[in-house]
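Reading through the structure tokens given below for one structure.
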Amino acid sequence: PEVDDQKNFGVGMMSCRQILFGLLDMELHSNFDAETESIFDVHRRIASKCTPYSLPLSEDRFLCTFSHIFAGGYSAGYYSYKWAEVMSADAFGAFEDVGLENEEKVREVGRKFRDTVLSLGGGVEPMAVFKQFRDREPSPEALLRHNGL
């Protein structure tokens with residue numbers, strides 16, 4: 001039981017950190033104006049909303065090494081890490097909804113997953129595929145539940 005109690009330790013702070021990185025990436029690639037503030041000012045501004053318990057120091061130069069958003073092909077796409085977690089947890093939630101012990105219903109959901117997510121793949125806009133599978137847009141509720149939040 002004690003190990004189980006610890007499995008979600010710090011998950012809320014890590015989620016806030018990922019959200020910070022995603023918002024920071026989008027802000028720098030869509031609204032940044034070097035005439036009005038530095039990239040470090042942007043970092044502090046976004047951090048004050050997402051991680052007020054861990055604001056960057058004035059000497060912090062983390063952004064200089066954040067190669068994902070500047071050299072790694074993720075320009076304005078870092079949010080996709082957290083978005084993938086949301087969609088994955090919500091997709092698994094379809095199986096949970098029918099009861100993981102109910103083999104017949106799990107097979108039904110599995111077939112629907114195969115016929116939508118796996119079969120349509122990149123040939124159909126991702127949100128449309130997800131809606132065909134879940135009959136609604138993705139929700140973060142399953143991810144929050146899985147993370148104990």
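Here VAL109 meets each of (1) of a type in the set (A, V, I, L, M, F, W, C); (2) over 19 Å from the mean Cα position of the chain (by Cα); (3) open to solvent by 40 Å² or more (accessible area, probe 1.4 Å) with one exception, condition (3). What about ARG145, is it more than 22 Å from the chain's Cα centre (by Cα) and in a helix (DSSP H, G or I)? So ARG145 fails the test. Listed by first and then second residue, the pairs linking a residue in the range 14-35 that is over 14 Å from TYR53 (Cβ atoms) to a residue that is open to solvent by 40 Å² or more (accessible area, probe 1.4 Å) and among the charged types (D, E, K, R), with Cβ atoms under 8 Å apart and 6 or more places separating them unless they lie on different chains, are LEU23/LYS49. Tallying residues that are of a type in the set (D, E, K, R) and either farther than 18 Å from ILE69 by Cβ or surrounded by fewer than 13 Cβ atoms within 10 Å (Cβ to Cβ) (or both) within the range 1-36 yields 6.
Would you pick out the residues in the range 38-88 that are more than 23 Å from LEU144 (Cβ to Cβ), open to solvent by less than 50 Å² (accessible area, probe 1.4 Å) and aliphatic (A, V, I, L, M)? ILE39, VAL42, LEU63, ILE69, ALA76 - these are the residues of the range 38-88 that are more than 23 Å from LEU144 (Cβ to Cβ), open to solvent by less than 50 Å² (accessible area, probe 1.4 Å) and aliphatic (A, V, I, L, M).
Can you tell which of ASP41, ASP4 is over 22 Å from the mean Cα position of the chain (by Cα) and modelled with pLDDT of 95 or more?
Working: ASP4 fails: modelled with pLDDT of 95 or more.
Selected residue: ASP41, the only one of ASP41, ASP4 that is over 22 Å from the mean Cα position of the chain (by Cα) and modelled with pLDDT of 95 or more.
ALA142 fulfils the conditions (1) open to solvent by 80 Å² or more (accessible area, probe 1.4 Å); (2) in contact (Cβ under 8 Å) with a residue 12 or more places away in the chain; (3) among the small types (Gly, Ala, Ser) except for a single criterion, (1).
The values are calculated or read from the model by the stated rules, or taken from the named source; none is laboratory data. Keep in mind that this is a model prediction, so the values were computed, not measured. Positions of Cβ are backbone-derived with ideal geometry, glycine not excepted, and every protein chain shown enters the neighbour counts. What goes into the accessible areas is simple: the full protein's heavy atoms, side chains included, and nothing from ligands, DNA or RNA. Shrake-Rupley method; radii C 1.70, N 1.55, O 1.52, S 1.80 Å.
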